[in-house]
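Visitor: Supplied in structure tokens, the structure appears directly below.
The values are calculated or read from the model by the stated rules, or taken from the named source; none is laboratory data. Keep in mind it's a predicted model, so treat the numbers as computed, not measured. Note: ideal-geometry Cβ built from the backbone for every residue, glycine included; neighbour counts use all protein chains shown.
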């Protein structure tokens, strides 16, 4: 395939695709080398950047996609204001911020940071595929651990979770202001995104501590509800 033909074909695929496409996928589709595809992607990106139109080519979630430019965000938000029902609530965005910066994390830990029961919000984020179950924490009750997903990266235009901005700047990324108290709570939380190793606890000691502290039964109910929902989701998939 001639370079111009390959470039046009890549543009067509990127235009109709709703998800980022990896270079090796494009190479397989056109029976071309990865280097040839990468060269044409660079050409497309250069052309769009030089002409400063409404589109740009960006690398996100390990692939490439056509996207609108950030400077047009306010115009797009105004134009699509009638579709506000599809936007995430402040509660969902707060919960998503907690998971993003403190993953892997359990539902009780999320609720503790937010100061309110977060079961319903976590369920919503699971339904929207912004977060996923990534395992269980090795403590009493074995609560689910949650992480962000590829859909999260795509939604916010990130290539990797390491591309997250500083927590204080997360509000700019999502287009909403994050409460300063919540930012502080996330920063001081024990779970750390840079040290995701789950520390094993002595089961007997944990049971004694739970009895002594008279932990609210709502936590157990919360985990039961989410476990049921996660199990149903897994069966559907």
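Visitor: Kindly indicate whether any position in segment 68-79 is outside any helix (DSSP H, G or I), in contact with a strand residue (DSSP E or B) (Cβ under 9 Å, 6 or more places away or on another chain) and at pLDDT below 90. I'd like the intermediate steps shown before the answer.
Guide: The first filter runs over segment 68-79 and keeps only residues outside any helix (DSSP H, G or I), leaving 68-69.
Among the residues that remain, those that are also in contact with a strand residue (DSSP E or B) (Cβ under 9 Å, 6 or more places away or on another chain) are: 68-69.
Those left that are additionally at pLDDT below 90: 68-69.
So far as segment 68-79 goes, yes, one or more of its residues are outside any helix (DSSP H, G or I), in contact with a strand residue (DSSP E or B) (Cβ under 9 Å, 6 or more places away or on another chain) and at pLDDT below 90.
Visitor: Which condition from (1) more than 24 Å from residue 168 (Cβ to Cβ); (2) surrounded by fewer than 16 Cβ atoms within 10 Å (Cβ to Cβ) is the one that residue 139 breaks?
Guide: Status for residue 139: all satisfied but (2).
Visitor: When you go through 149, 124, 95 one by one, which is the residue that is crowded, with 21+ Cβ neighbours inside 10 Å and modelled with pLDDT of 90 or more?
Guide: Values: 149 fails: crowded, with 21+ Cβ neighbours inside 10 Å; 124 fails: crowded, with 21+ Cβ neighbours inside 10 Å.
Sole residue among the options that is crowded, with 21+ Cβ neighbours inside 10 Å and modelled with pLDDT of 90 or more: 95.
Visitor: Restricting the search to segment 1-23, which residues are under 22 Å from residue 129 (Cα atoms) and within 22 Å of the chain's Cα centre (by Cα)? Explain how you work it out, then say what you get.
Guide: Of the residues in segment 1-23, the ones under 22 Å from residue 129 (Cα atoms) are 16-22.
Result: 17, 18, 19, 20, 21, 22.
Visitor: Give segment 43-78 a look and list any residue that's more than 17 Å from residue 7 (Cα to Cα), in contact with a helix residue (DSSP H, G or I) (Cβ under 7 Å, 6 or more places away or on another chain) and in contact (Cβ under 8 Å) with a residue 40 or more places away in the chain, or say none.
Guide: The answer is 60, 61.
Visitor: Against the condition part of a loop (DSSP other than H, G, I, E, B) and more than 19 Å from residue 158 (Cα to Cα), how does residue 88 come out, does it pass?
Guide: No; evaluated as a whole, the condition is false for this residue.
Visitor: Just the residues that are over 22 Å from residue 182 (Cα atoms) and surrounded by 19 or more Cβ atoms within 10 Å (Cβ to Cβ), please, taken from segment 155-171.
Guide: Passing the criteria: only 158.
Visitor: Further question on the same structure: Criterion first (at pLDDT 90 or above, under 24 Å from residue 157 (Cα atoms), loosely packed, with under 15 Cβ neighbours inside 10 Å and more than 24 Å from the chain's Cα centre (by Cα)) does residue 27 satisfy it? Before you say what the answer is, go through the steps one by one.
Guide: Working: at pLDDT 90 or above: yes; under 24 Å from residue 157 (Cα atoms): yes; loosely packed, with under 15 Cβ neighbours inside 10 Å: no; more than 24 Å from the chain's Cα centre (by Cα): yes.
So residue 27 fails the test.
Visitor: Can you pull out every residue in segment 113-151 that is out of contact with any helix residue (DSSP H, G or I) (no Cβ under 7 Å at 6 or more places or on another chain), assigned to a helix (DSSP H, G or I) and either over 23 Å from residue 182 (Cα atoms) or touching a residue at least 12 places away in the same chain (Cβ under 8 Å) (or both)?
Guide: Passing the criteria: 127, 150, 151.
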